[in-house]
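Peer 1: Before we start, here is the structure in question, set down as structure tokens.
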Amino acid sequence: MSDDSKIVSTSEAQIAVHWKEEELINPSEEFIAQANLTDKSIYERFSLANFPDYYTEFADLLTWYKKWDEVLDTSDAPCFKWFKGGKLNASYNCIDRHLAKNKNKTAIHFVAEPEDERVSHITYQELYTRVNEFAALLKNTAKLKRGDRVTIHMPMSAELPITMLACARIGVIHSVVFGGFSSSACADRVVDSNSRVLITMDSYYRAGKLLNHKEVDDEACALAEKGGQKVDTMLVWQRYPGKMSSPSPLVEGRDIIVNQELKKYYGALVEPEQMLAEEPLFLMYTSGTTGKPKGAQHGTGGYLAYVTAMSKYIQDIHPEDVYWCMADIGWITGHSFIVYGPLALCASSVIYEGVPTYPDAGRSWRIAQELDVNIFHTAPTAIRALRKVGPDEPQKYRYKFKHMTTVGEPIEPEVWRWYYNVVGRGEAAIVDTYWQTETGGFLCSTVPGIQPMKPGSAGPGVPGIHPIVFDETGEVLEPGCGKAGNICIQNPWPGMMQTVWGDRNRFVESYFGMYNKDRNSKKWQDWPYMTGDAAVVASDGYVRVLGRIDDVINVSGHRLGTKEIESAALTVPEVAEAAVVPVAHEIKGKEPELYVSLKPGIEATPELQKKVADAITFQIGKIAKCKNVWIVPDMPKTRSGKLMRRVLGAISNKGDVGNVMTLANPEIVEEIRKMVQG
Ligand code: WTA
């Protein structure tokens, strides 16, 4: 954590004090009458004094081949093992166990982007058949076995959860890379996870265009090989079964068209592997404070128990619900709350291709009406966009939500109110769920059947999660004190990541480095988990998250590491230094803005500016596109040579740069300000 980023958190703390407390709004009696969790004694049962045994209530939601011997093993703290010795299979829990009673029920509704293409409804029986057949292909054609890693770079499609569940069935660890990530970002993840198999789809639709996706992964394979990991098998699903919809040719000996190859396995059944609870289920790469994304490793038993409980108690999913989470499955929200949680509960989960605002602002509400969606889950960035382009659209459609979720970034109270009044028609209960890729499931939220909602605040720790806020010196900031600090969690929980793939040290340093006092401690009490977020806790325990305290920018609810963008800029040979700062954006929340200085003797040109912008799209993807690339004569620096991002941030956001006279080059500040602000 750099010094100047701490200053950001202090100024955010001051803002927090001036925010007014919002009023509390109670979920309707109709909602509470049907809610899965209304028993307030849960907070007593899930108190720290009863830790960790209370978590067996979550594990009991699953079907186990063998019950665990120990709830929590701390012998390798902070790499905690949950439900040690227990055996289960995630695909069995999400599919097989529902067949006896619900085989004809829809598991997945897939909505294609072109509206004249049919919506497909995949029953649990069909999901079972397709997952088994694909698992047979993975085993026999791709020669994958328990413990191997596989990278999946696929767009939103029914085939994506089928692929994930087939991996889970045979104990293969999946690493899904968001479909919009570039070839280079995908290659990095192939290399880090040592995947010799890459699974892709030939094409997909986004905002009216059929994109050639295979091309991206051809390039990813080439880049991965340069990075030391050969992809010997690329499995290509067809967007239109039976027909290739990508002009990129197949590579002899490497590429296999899944839809053709599957014919060999029609009707095949693959016995689920009996996985130990602590065996990894998947990796999900996420941005941190350094240039290299880290692979958050999630275990099978703890993770699945946790997300199932969160889906049941916080999202209030019942088997008869039609649930639509708008996230992309390529992010943790999609893993936990499109695939594993809802399917473990035997709900019907909606997956859609494209974007919410194309072909028009009514698309989301039309889908909700057609599929009779009653639980809706999205992010503030989508809510802001939908509110902007079609504030009155929801009223034109007949749908009825009983429950809505928001996730991923702080939501402004007025945006929250539009979501509540217009989208939810003042009837749906809202939960604002605060959590992270690393945490597997929710950290803070109201339990909708128990607590009122407070616009702009997530809520207290969910049952079992005990948050604590520390200041920079490690002093505890009590709820209601009005000061913001680093929000940490006092106890481990089953959904928590197990480690950073292949880098235990990085796991320890990134998440426990600041507040752990004894690196050798085997006691869970000595390992508070550090989220990296600044938050204020009100006297009623409700947590308001203010944003990251580290070098991470939250763009549209997606995390981007400033170092990652800066490293991408530095791949341009002419660039000497690069600094990224977050700028406020009406829809996205934040947007990165980039400053670069050039090597001596090199002239700033528009071509060079474009070259830098292109390098970022190439290295990471369009999602990391910067608002501007400013080529500056020099960076503002302290006398010890430290780059002052804070000063650049103030210029970008038209804020106060503060006293810059102590800098080594104070004159540069005014020069940059003129360039940026005109
Ligand atoms: C932010 C997404 C405010 C936070 C599930 C966190 C939030 C980061 C909320 C994790 C929320 C997530 N209110 N901020 N309800 N939810 N965040 O890993 O800064 O993509 O650390 O996981 O998003 O982003 P990630």
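The values are calculated or read from the model by the stated rules, or taken from the named source; none is laboratory data. Since we're looking at a predicted model, the values are computed, not measured. Please note: Cβ atoms are built from the backbone with ideal geometry, for glycine as well, and neighbour counts cover all protein chains shown. Note: accessible area is taken over every heavy atom of the protein model, side chains too, but ligands, DNA and RNA are not part of it. Shrake-Rupley method; radii C 1.70, N 1.55, O 1.52, S 1.80 Å.
Peer 1: Let me know the volume per residue of the alpha-carbon convex hull for the stretch 217-311, in Å³.
Peer 2: Values: hull volume 19.4 nm³, N = 95.
Normalising the Cα hull of the stretch 217-311 by residue number yields 204 Å³.
Peer 1: Take the residue pairs LYS294/LYS388; LYS101/LYS264; LYS143/LYS214 and return only those whose Cα atoms are more than 26 Å apart. Numbers along the way, then the final one.
Peer 2: Details: LYS294/LYS388 35 Å; LYS101/LYS264 30 Å; LYS143/LYS214 22 Å.
The answer is LYS294/LYS388; LYS101/LYS264.
Peer 1: For ARG544, what accessible area in Å² do you get when you roll a 1.4 Å probe over the heavy atoms of the protein chains, rounding to the nearest 10?
Peer 2: Counting only protein heavy atoms, the figure is 30 Å².
Peer 1: Based on Cβ point charges of +1 for Lys and Arg and -1 for Asp and Glu, what charge dipole magnitude is obtained for the chain about its Cα centre, in debye rounded to the nearest 20?
Peer 2: Values: 75 positive and 85 negative charges, 191 e Å.
In total the dipole reaches around 920 debye.
Peer 1: Using a 1.4 Å probe over the heavy atoms of the protein chains, calculate the carbon and sulfur portion of the accessible area of the chain as a whole percent. Before the final figure, lay out each step's value.
Peer 2: Numbers: 13020 of 25440 Å².
In the chain, the share of accessible area belonging to carbon and sulfur is 51 percent.
Peer 1: Please list, or write none, the aspartates and glutamates whose alpha carbon is within less than 14 Å of the alpha carbon of LYS292, excluding same-chain residues fewer than 8 places away.
Peer 2: Straight-line reach from LYS292, under 14 Å: ASP188, ASP192, ASP503, ASP551, GLU564, GLU566.
Peer 1: Let me ask something additional. Would you list LYS611, LYS292, LYS642 from the most to the least accessible area, probe 1.4 Å?
Peer 2: Ranked from most to least accessible, the order is LYS292, LYS611, LYS642.
Peer 1: Okay, moving on. Where does the chain land at 222 nm, in deg cm²/dmol rounded to the nearest 500, when only DSSP H runs of n ≥ 4 count, each adding -39500 (n - 2.57), divided by all residues? It would help to have the intermediate numbers written out before the result.
Peer 2: On the way: 20 runs with 184 residues, N = 678.
Theoretical 222 nm ellipticity from helices: -7500 deg cm²/dmol.
Peer 1: Provide Rg and Dmax in Å for the stretch 66-108, with only Cα atoms included in the calculation.
Peer 2: 15.4, 45
Peer 1: How big is the stretch 32-142 on each of its three principal axes, counting only the C-alpha atoms and giving the largest first in Å?
Peer 2: Taking the Cα atoms of the stretch 32-142, the three principal extents are 56, 46, 29 Å.
Peer 1: Moving on. With unit charges on the beta carbons (Lys and Arg positive, Asp and Glu negative) and the dipole taken about the Cα centre of the chain, which residue among THR473, ALA368, THR446 sits farthest to the positive side?
Peer 2: It is ALA368.
Peer 1: If you average 1/r over every pair of different alpha-carbon atoms in the stretch 556-677 and take one over that average, what Kirkwood value in Å do you get? Walk me through the intermediate numbers first.
Peer 2: On the way: mean 1/r = 0.0682 Å⁻¹.
Every distinct Cα pair counted, the radius reaches 14.7 Å.
Peer 1: Rounded to the nearest whole Å², what accessible area per residue is found for the stretch 556-677 with the 1.4 Å probe?
Peer 2: On the way: 5740 Å² over 122 residues.
It amounts to 47 Å² per residue over the stretch 556-677.
Peer 1: Follow-up. Provide the three semi-axes, in whole Å and in decreasing order, of the ellipsoid equivalent to the chain as defined by the square roots of 5 times the Cα gyration tensor eigenvalues.
Peer 2: Numbers: eigenvalues 266, 196, 134 Å².
Ellipsoid semi-axes (Å, largest first): 36, 31, 26.
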